[in-house]
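The values are calculated or read from the model by the stated rules, or taken from the named source; none is laboratory data. Since we're looking at a predicted model, the values are computed, not measured. Every residue, glycine as well, gets a Cβ built from its backbone with ideal geometry; the counts of neighbours run over all protein chains shown.
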Amino acid sequence: MKIIAFGGSPSKNSINKKLATYASSLFENAQVEVLDLNDYEMPLFSVDKEVIIGQHTLAKAFLEKIATADLLIVSLAENNGNYSAAFKNTVDWCSRINGKIFQGKPMLLMATSPGARGGTSVLEIAKNNFPRFATEIKAVFSLPSFDDNFDIESNVISNPELDKQLKEIVANF
């Protein structure tokens, strides 16, 4: 099984990328590729730019990576209750090439944040929106209070109850 995992944040120290990476490590006998959103940095989408640039090569590259996956693990950053601008921009560019961005791939949808809500608002938006981009969300996981519940040195969820929840989700795949 090939897993493509990424955090929906351009932060160099993205806590969502850390969570996606950890979740992907829980799948046995899987080939995992963790994408960095910074590798797909494109100018702010507009139809005017699209006329000049055409289909952006980085958007094509992102879609090609998605095409190689058997499973997507996506952990979204929450910026003011919504997707990060970087993630939304990637979606905007990609959707102009293929409206079915996620190409029918099953998805483990997640979010984390330093706050106690763990990205709940962005998860609600994504749960309603992502199926339009051709994915089946198989499970949703929220990790609240990242700094209290994730051990950065070991790169694992340190809260036993939350770790058990995620491991049960993975086991059901």
Query raised in the report: In the range 124-165, what count of residues is obtained for those that are of a type in the set (Lys, Arg) and either within 15 Å of Met110 (Cβ to Cβ) or in contact with a Ser or Thr (Cβ under 7 Å, 6 or more places away or on another chain) (or both)?
Result: 2
**Report entry** Residue in the range 60-80 that is farther than 24 Å from Ala30 by Cβ, at pLDDT 95 or above and in a helix (DSSP H, G or I) present
**Finding:** yes
Requested in this report: Would you confirm whether any residue within the range 118-129 is crowded, with 21+ Cβ neighbours inside 10 Å, within 14 Å of the chain's Cα centre (by Cα), outside any helix (DSSP H, G or I) and at pLDDT 95 or above?
Outcome: no
Report task. Give the residue, chosen from Phe6, Phe62, Phe45, that is over 17 Å from Met110 (Cα atoms), touching a residue at least 40 places away in the same chain (Cβ under 8 Å), crowded, with 18+ Cβ neighbours inside 10 Å and of a type outside the set (A, V, I, L, M). Result -> Phe45
Report task. Could you look through the range 81-108, keep only residues that are touching a Lys or Arg at 6+ places or on another chain (Cβ under 7 Å) and in a strand (DSSP E or B), and pick out the one that is farthest from Ser158 (Cα to Cα)? Result -> Pro106
Report task. Give the range 135-158 a look and list any residue that's assigned to a loop (DSSP other than H, G, I, E, B), touching a residue at least 12 places away in the same chain (Cβ under 8 Å) and not β-branched (Val, Ile, Thr), or say none. Result -> Pro144, Ser145, Asn155
Query raised in the report: In the set Leu72, Leu63, which member is of a type outside the set (D, E, K, R) and in contact with a helix residue (DSSP H, G or I) (Cβ under 6 Å, 6 or more places away or on another chain)?
Result: Leu63
